[in-house]
Structures are given as structure tokens and as C-alpha cells.
Amino acid sequence: MNRRRIGAIYRKDMRDALRDSRVLTALLMPLLLGVFYSFAFGDDAAVQKIKVGVVAAEATKLTEAIQAQAPDSVRLTFVDVQDQGEVERQVQREDLDVGLVVPAGFDADVRAGKAPSVLVLVPSAPSGSGGDFVAAVVDRSVEAMAGRAPAARVVQRTMKPAEDSSEVALTRLGAQSVFVLVSAIMLLGMLAVYAVPAVLIEEAERKTIDALTLIASPAEVIAAKGQFGVTLSLVSVPVLLVITRSHPEDVVGVISAVLLSAVVLVGIGLAFAGLLRTQQQVNTWSGIVLLALLAPAFTVGLAAPAIVNQILAFLPTVWTFRLLADAFAGEQLYPDRWLAYVVLVAWGVAAYGLVWWRLSRQEA
Amino acid sequence: MSSDTATAVGWQSGSRSDEVPGISIQVDDLSKWYGEVRAVDGISFTVREGEVFGLLGHNGAGKTTTIRMLTGRARPTGGRALVCGHDAAQARERVKPLINLVFEEQNLYERLNARENLRLFAELYDAPLGRVDELLEAVRLTDAADRKVKTYSSGMKQRLLVARALINKPRVLFLDEPTRGLDPASAREIRGMVREQARQGATVFLTTHYMEEADELCDRVAFLSSGRIVALDTPRELKLRYGERSVVVVLDSREEERLRLDDPADAALLERWMTEGRVLTVHSQEGTLEDVFVNLAGRSL
């Protein structure tokens with residue numbers, strides 16, 4: 001492969017793309033969606049919403065006492081839960097930020113000067129989460145109820161999160177950040193499975209590729225298109241983050257997740273383009289592929305059945321989402337980060353392997 | 001074309017180790033089958049350096065397939081084609097810098113302007129960027145060089161296609177139906193450019209539907225029918241050999257009569273009219289390439 005020729009075709013593609021309404025649409029649509037989400041969920045960051053599940057055999061003043069400790073920036077919602085098993089499950093699934101198990105006679109014992117136990121269930125959450133806040137103020141709340149210290153023995157138990165929980169990011173990062181991530185994945189997907197195939201198929205339909213391959217090899221043309229797709233991804237995702245005023249905790253993590261995902265998704269786009277012949281086919285089929293790639297975005301905030309999560313786990317964008325969410329939070333929200341790299345690299349190897357196989361057949 | 005382009009042909013001479021002196025293209029028993037369909041069926045010919053060679057035939061005769069094989073874009077099923085001494089299929093990388101092609105389709109980047117189109121190919125062929133302005137001037141597109149190609153007329157696009165094909169100063173220039181769909185003035189301009197290339201020493205390999213064009217431009221033509229060459233010679237020789245020789249006689253009654261010279265009855269008639277003093281003028285009529293093709297292929301182009 002000749003780098004000079006790849007560079008020449010790549011520069012042409014970039015210049016041409018900026019005048020191509022289809023590519024501009026693929027860029028602008030997710031960007032505008034990101035801006036929309038940013039405004040729609042813009043107040044999320046200002047107020048921390050904490051959902052507290054309470055298991056209590058009888059009425060208790062503890063919830064009021066905790067509420068009194070909360071500053072204006074914290075909005076607490078208390079939900080009655082039937083039993084300890086149920087509250088454990090809900091905390092595990094991240095349906096609740098924290099669970100409180102208040103034993104029978106708790107209020108009376110506190111008033112009598114005894115030191116009853118109260119169980120606080122928190123998920124294995126990163127610092128600063130709602131669970132941590134509630135756990136921290138329970139002591140002070142009980143002291144306020146009793147008017148002395150120590151008024152109760154607070155037992156805290158950390159719950160292991162369920163692995164397939166799709167709402168982890170939503171709970172930790174807030175809707176604004178999550179939908180910015182969804183827009184970023186949409187951007188990566190649109191560029192990879194729509195813009196790149198559209199540009200390649202246009203070359204084939206207008207036979208400009210015949211003029212290129214009079215001197216360049218098909219592999220050089222494909223390499224240039226790959227560079228083109230990855231460049232657009234690497235430029236447009238940071239633009240999305242800037243215009244939505246997103247501040248990821250781990251910038252290097254975001255860049256590396258976007259780079260890896262862009263390379264993999266563009267490979268998928270190139271392999272996909274090899275199956276198509278006309279622009280009309282691109283318009284039809286890329287929409288379907290895009291829907292599949294965006295599936296993880298549609299399940300955010302939903303308690304998807306386990307089977308759905310298992311199927312989605314095969315999609316590269318699920319792992320892109322997890323890597324980006326981790327980088328946004330600045331800590332590991334999802335377990336098995338190594339699996340994300342394995343899945344993405346496997347997709348990349350499969351996609352570029354298919355492209356290579358088709359090219360070698362064409363060259364022969 | 002500007003005279004300063006009339007220098008050496010080809011930026012890169014390439015290896016000439018297998019080249020027969022004076023021969024640009026050598027085709028031996030070349031064939032291409034698509035399943036059971038024989039698109040090209042064992043054709044052989046040579047094209048001399050600096051020659052304008054025409055390949056004529058109706059749609060589906062195998063012209064474009066032949067060009068695809070000669071330019072290394074299709075592998076032959078059998079036989080071989082040497083271009084500038086290199087096997088077009090086995091040594092494509094050596095052939096590529098030495099040739100160029102004016103495609104049948106106007107396959108330009110229409111959102112780019114003419115300068116950007118030529119610059120891309122100058123970079124691909126590693127030609128000096130100064131060549132871009134030189135060619136824009138040569139094809140009279142300097143004033144429109146910064147306009148997007150999609151605003152060009154068909155004639156302008158075709159001139160740009162020719163300029164693009166000359167970017168690497170090819171030793172062999174292939175033209176696939178270069179004047180198809182053009183108005184007479186634009187077609188004449190393109191033909192002038194082809195002649196200029198031949199004058200500068202490039203070998204020109206041309207396919208066309210237009211018999212007059214082939215007659216005017218080509219040193220030799222080959223007629224292709226159903227994948228086979230049915231005749232190959234100079235246009236004049238073909239017309240003399242296969243064309244109908246005739247005269248148009250204008251009589252004193254102002255009537256025009258066409259007589260075939262090969263027909264004894266027509267010859268006797270002409271002799272009688274001459275004897276009777278009824279003949280005002282006699283115009284000899286040479287056969288056309290169209291006639292030749294109809295005689296050989298059994299149908300018109």
C-alpha cells in the first residue's frame with residue numbers, strides 16, 4: 001500500500017464530505033440531538049435525586065429526620081418496600097439508591113435511650129452517590145430524633161450490583177450525561193454505517209472508483225475511506241462534548257474509547273458497504289444496522305429482561321457505551337472492563353478480516 | 001493543446017525489458033469468458049508506438065472488456081496482453097503509471113472543482129502539481145477551474161476527463177467512446193486533443209461508435225463482432241477491400257443515378273450514357289467504414 005496515494009484519496013474524501021449533504025446530515029443529526037438532550041435534562045446535575053427504599057414494621061420518624069438533614073441540592077424520595085429481601089433486590093438492581101431496614105419498635109427504643117440497630121443497604125457505588133449520602137446522615141438523623149449521641153447502631157451493608165443492570169450509568173451519571181453518550185454512539189454509528197458506506201458506494205455508482213483504481217489499489221481506496229470515517233468520529237465526538245458542556249472525569253479514557261470504537265465501527269461500515277451496490281440500498285439497510293447498533297441506547301433506563309441484555313452483549317456499541325460511561329464517571333461503573341476490549345477487538349478483527357478477504361478476492 | 005506539453009511522454013518510463021521495439025500493445029489470443037458467455041474470444045493484434053488504433057463494434061461486441069483487460073482491470077480467461085512490454089494482468093503495478101484512460105462515463109468528482117479533481121490525480125500519479133494548471137490551460141478550463149464540476153456542460157466535463165487522463169503523460173492513452181453524446185463542436189475539440197497526443201508520440205487506443213471519427217483519427221481500425229476481430233487494417237484499405245465502389249452520375253435531365261463499379265450491367269449502362277453524351281458529371285463514391293462493418297458483421301453499429 002502506498003501512503004501517498006492513501007493520503008491523496010483521504011484528503012479528497014474529507015474535502016468532498018464537507019460539501020456532501022448526506023455526510024453533513026449524519027454529523028449534524030446526532031449533534032443536534034445531543035444539544036437537545038443537554039437542554040432537556042440540563043437541571044439534572046444541579047439537584048441530586050436519591051431514591052430510598054424503606055422496610056419498616058411500623059411508622060417511623062426516621063425518614064423525616066433524614067429529610068431534615070438533606071440540603072437543598074438533594075431531593076430524597078422514600079418508597080415503602082415490603083420486606084428486606086425485596087429491598088436488597090431493588091438496591092442490587094439499582095432501582096433504589098439506598099435501602100433502610102428499620103426494626104419494629106425502633107422509634108420507641110430511640111426515645112427510651114436504647115441504641116437499636118438500623119440496617120443501611122448501599123450498592124457498591126462510587127463515592128458521591130446517593131447511597132453514600134443517606135448512609136452518612138442516618139447517624140446524625142437518629143441523634144436528632146433522640147437528642148443525644150449515640151442513639152442507634154447503624155449497620156451498613158454494601159450490595160453487589162447486578163451485572164446486567166442497564167440503568168447503572170443513568171443512576172450514576174444522570175440523564176443528561178447518559179443521553180450525551182447515547183448521542184455520541186449515534187454519531188459514531190451514523191458515520192460508520194451510513195456516511196462511510198454512502199461515500200464508498202457513490203464512488204462505485206459514479207464509477208469514480210474506476211479512475212482511482214487505474215493507479216491506486218482497491219486496498220488503498222478502502223484504507224483512505226477508513227481513515228476518513230475515523231477522523232470524522234475523532235473530531236465530531238469532542239465537538240459534541242464541547243457543545244453539550246460535558247465534562248468527562250477521564251478525558252484520556254473517553255478519547256481511547258472513541259478511537260477504539262471508531263476504528264471497529266468503521267471496519268463494520270466498510271464490511272457492510274461491501275454487501276451493497278446502490279445508494280438506495282445504503283439508505284435502506286444502514287438504517288436497520290444503525291437501529292441494531294443503537295439498541296443499547298434504547299434500553300437505557302429500562303429494566304430489560306435478562307435475555308435482551310444477553311443478546312445486546314454481542315453488540316459492540318454496548319461495550320462502547322460502558323467504556324464511555326466509565327470514562328465519564330472517572331471510575332469503573334461496569335464490571336469486566338477487559339471484556340469490553342475483547343468484544344470490540346473481536347468485532348474489529350472480524351470486520352477488517354471480511355474486508356481483507358473481499359479485497360483479496362477482488363485483486364485475484 | 002499547448003506546445004510545451006509536446007515533450008517527453010510519460011513521467012515514469014518503467015521497465016522496458018520485455019518490450020518489443022516500436023510496439024506499445026501486443027495482444028495474443030486474448031479471451032474473457034463470463035460463465036458461458038465469451039465476451040472476448042481469442043483476439044490478437046499489435047499496436048505500434050505513436051499509432052492511433054481504433055476498436056470498433058456494436059454494443060456488447062467486447063470493446064470495453066478488451067480495454068478493461070488492457071488496463072489491468074479485468075483478468076483474461078486466456079491469452080495475454082502486453083502493454084509497454086509488461087503483462088497487463090501479471091504486472092499491473094508496472095503498467096499503471098504508463099497508461100491512462102478516458103472513461104465512457106463522465107466519472108468526475110462533481111462536488112469538487114476542476115483544479116481539485118486534477119490535483120487529486122496529480123498526487124496519485126506523483127506528477128508535478130504544475131501539470132494541473134498546464135492541463136487546465138490546454139483544455140481551456142482555466143477560467144472555470146474553481147467552479148464545481150457539477151455546474152459544467154457535458155463538453156466541459158469531457159475536456160476535463162481528457163485533461164485528467166493526460167495528467168501522467170501516458171505512453172498509451174485509452175479512450176472509451178470519448179465523444180459519445182457530445183455536440184459537434186465539443187466532439188471536434190476532443191478529436192483535436194486526440195490528434196495532438198498522437199502527434200506528441202503517445203499511442204492512442206480508441207473505441208467509438210462513430211465511423212467518421214474512426215476514419216478521421218485512426219491509423220488502423222479493428223472491427224470486433226461477438227468478441228472476435230473480423231477485420232483489421234487501415235480505414236482506406238478496409239474501405240477498398242470491403243466497401244462498395246460506386247459513382248454518382250448526373251445526367252443531362254438533371255437526374256442522379258448511382259452505379260456500382262463492380263456490377264457489369266452498371267458499367268455497360270455508364271458506357272452507353274457516355275456514348276450518348278447524356279452525362280454531365282461523374283462523382284466517385286468511396287465506401288464508408290459503416291458499409292464495411294455492415295458487410296462484415298451483418299448489421300449496422
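Assorted remarks:
- Boolean, residue B:161 is more than 11 Å from chain A (Cβ to nearest Cβ), out of contact with any Ser or Thr (no Cβ under 8 Å at 6 or more places or on another chain) and either over 18 Å from residue B:189 (Cα atoms) or not in a loop (DSSP other than H, G, I, E, B) (or both): no
- Residue in segment A:17-34 that is away from chain B (no Cβ under 14 Å) and closer than 19 Å to residue A:154 by Cβ present: no
- When A:5, A:93, A:22 are checked against the criterion of being in contact (Cβ under 8 Å) with a residue 60 or more places away in the chain, basic (Lys, Arg) and surrounded by 20 or more Cβ atoms within 10 Å (Cβ to Cβ), A:5 stands alone in meeting it.
- Helices (runs of 4 or more DSSP H) fully within segment B:55-150 counting 1 or more residues that are closer than 24 Å to residue B:196 by Cα, within 14 Å of another protein chain (Cβ to nearest Cβ) and more than 19 Å from the chain's Cα centre (by Cα): B:92-95, B:114-124, B:130-138
- Subset of segment A:286-306 (residues that are at pLDDT 80 or above and not small (Gly, Ala, Ser)): A:288, A:289, A:290, A:291, A:293, A:294
- Screening segment B:197-236 for strands (runs of 3 or more DSSP E) wholly inside it with 1 or more residues that are in the same structural domain as residue B:104 (by TED's automatic domain parsing), surrounded by fewer than 18 Cβ atoms within 10 Å (Cβ to Cβ) and modelled with pLDDT of 90 or more returns the ranges B:228-233.
- Restricting segment B:254-273 to residues that are assigned to a helix (DSSP H, G or I) and of a type in the set (Asp, Glu) leaves a set whose member that is surrounded by the fewest Cβ atoms within 10 Å (Cβ to Cβ) is B:271.
- Helices (runs of 4 or more DSSP H) fully within segment A:181-259 counting 1 or more residues that are of a type outside the set (D, E, K, R) and under 16 Å from residue A:323 (Cα atoms): A:218-243
- For residue B:179, the requirement of being of a type in the set (Ser, Thr, Tyr), closer than 16 Å to residue B:63 by Cα and assigned to a strand (DSSP E or B) is not met.
The values are calculated or read from the model by the stated rules, or taken from the named source; none is laboratory data. Computed from a prediction, not measured in an experiment: that's the story for all the values here. Positions of Cβ are backbone-derived with ideal geometry, glycine not excepted, and every protein chain shown enters the neighbour counts.
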